[in-house]
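Here the structure comes first, spelled out in structure tokens, and everything after it is commentary.
The values are calculated or read from the model by the stated rules, or taken from the named source; none is laboratory data. None of these values were measured; they are calculated from a predicted model. Positions of Cβ are generated from backbone atoms using ideal geometry, with glycine treated the same way; all protein chains shown enter the neighbour counts.
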Amino acid sequence: MKLNMLNLVQLFIALGVMASTSVQAHAIWIEPIAGEIHLCFGEYEGDLREETGGKLDKVTDLKISSLTPNMKDHYSFTRQSNFLLLTNKKQAVTSPQALIAQAVKFKVRTSKKDPKVPKAKSMQYARYAVADEEAPSELVLDIQPVAKNTFKVSFKGKPLVKTNIIVTAPNKWARELKTNEAGEVLIEKPWDGLYLIQASHIEEVGGEFEGVKYEITRHKTTLSIIK
């Protein structure tokens with residue numbers, strides 16, 4: 001039986017949760033605001049946008065691409081007070097378009113309280129979708145729109161089965177869902193505005209970054225889509 005709008009709202013509220021720490025934490029996301037395209041870093045569900053001179057400075061060497069191949073190499077950004085303004089040939093990007101971003105040069109994180117906690121390297125990705133169905137991207141951890149209200153989570157091109165995702169509605173209600181055997185999840189959108197879908201994946205692969213060794217790699221990705 002098809003749910004009506006009231007049922008959808010009640011369902012969203014009933015399932016509203018504070019996300020588990022495996023998914024919910026600082027993330028980058030793409031958001032159109034006042035005719036501009038912003039990349040933010042913080043917690044969308046808590047209206048937290050980190051600032052330049054503070055934690056936003058952790059986002060460096062950002063790689064931004066369009067899913068339109070002929071515009072792929074022209075994107076950059078300028079730092080603003082609490083966001084990175086996406087630019088194309090030094091002009092602010094004003095038209096919403098399918099975009100992806102990668103921030104993979106975060107410093108290795110260590111636990112001062114517990115030295116037994118594995119040192120981790122964070123890899124962050126973001127995608128902004130403009131259609132119900134879009135092509136897969138080059139992101140290592142990707143959330144791809146594959147049909148109306150249906151999204152596929154994949155890691156290195158393979159579906160992530162039974163993995164937790166968090167979706168946050170425009171009013172900041174959040175709910176936790178799980179992908180199916182195809183790595184897909186159905187997400188109803190009862191309110192107008194920006195929805196942010198988050199997924200994370202821990203890879204037990206270590207390495208060395210800026211002279212510091214790490215034991216695991218934490219991948220985190222977001223998909224922004226407007227109803």
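Counting only residues that are part of a loop (DSSP other than H, G, I, E, B) and touching a residue at least 12 places away in the same chain (Cβ under 8 Å), which one in segment 111-129 is nearest to Phe209 (Cα to Cα)? Working first, answer last.
To start, the set of residues in segment 111-129 that are part of a loop (DSSP other than H, G, I, E, B) comprises 111-119.
Subset that is touching a residue at least 12 places away in the same chain (Cβ under 8 Å): 118-119.
Details: Pro118: 15, Lys119: 11 Å.
The extreme case among them is Lys119.
Quick check on Ser65: is it in a loop (DSSP other than H, G, I, E, B) and among the small types (Gly, Ala, Ser)?
It is false that Ser65 is in a loop (DSSP other than H, G, I, E, B) and among the small types (Gly, Ala, Ser).
Name the residue that is surrounded by the most Cβ atoms within 10 Å (Cβ to Cβ), counting only residues in segment 203-227 that are within 23 Å of the chain's Cα centre (by Cα) and among the β-branched types (Val, Ile, Thr).
In this case the residue turns out to be Thr221.
Out of all the residues in segment 143-162, is one or more over 22 Å from Pro32 (Cα atoms), among the small types (Gly, Ala, Ser) and not in a strand (DSSP E or B)?
Yes: one or more hits.
Take Val104 and decide whether it is in contact with a strand residue (DSSP E or B) (Cβ under 6 Å, 6 or more places away or on another chain) and either over 14 Å from Leu39 (Cα atoms) or at pLDDT 90 or above (or both).
Yes, satisfied.
Determine the pairs where a residue that is in contact (Cβ under 8 Å) with a residue 40 or more places away in the chain and surrounded by 15 or more Cβ atoms within 10 Å (Cβ to Cβ), located within segment 35-51, has a partner that is part of a strand (DSSP E or B) and among the small types (Gly, Ala, Ser) with Cβ atoms under 6 Å apart, the partner being 6 or more residues away or on another chain.
If the second residue must be part of a strand (DSSP E or B) and among the small types (Gly, Ala, Ser), the pairs left are Glu36/Ala92; Leu39/Ala101; Glu45/Ala174.
Looking at segment 121-145, which of its residues are of a type in the set (A, V, I, L, M, F, W, C), farther than 19 Å from Val161 by Cα and surrounded by fewer than 19 Cβ atoms within 10 Å (Cβ to Cβ)? Explain how you work it out, then say what you get.
Step one: filter segment 121-145 for residues of a type in the set (A, V, I, L, M, F, W, C), giving 123, 126, 129-131, 135, 139-141, 143.
Keeping just the survivors that are farther than 19 Å from Val161 by Cα gives 123, 126, 129-131, 135.
Val130, Ala131, Ala135, listed by residue number.
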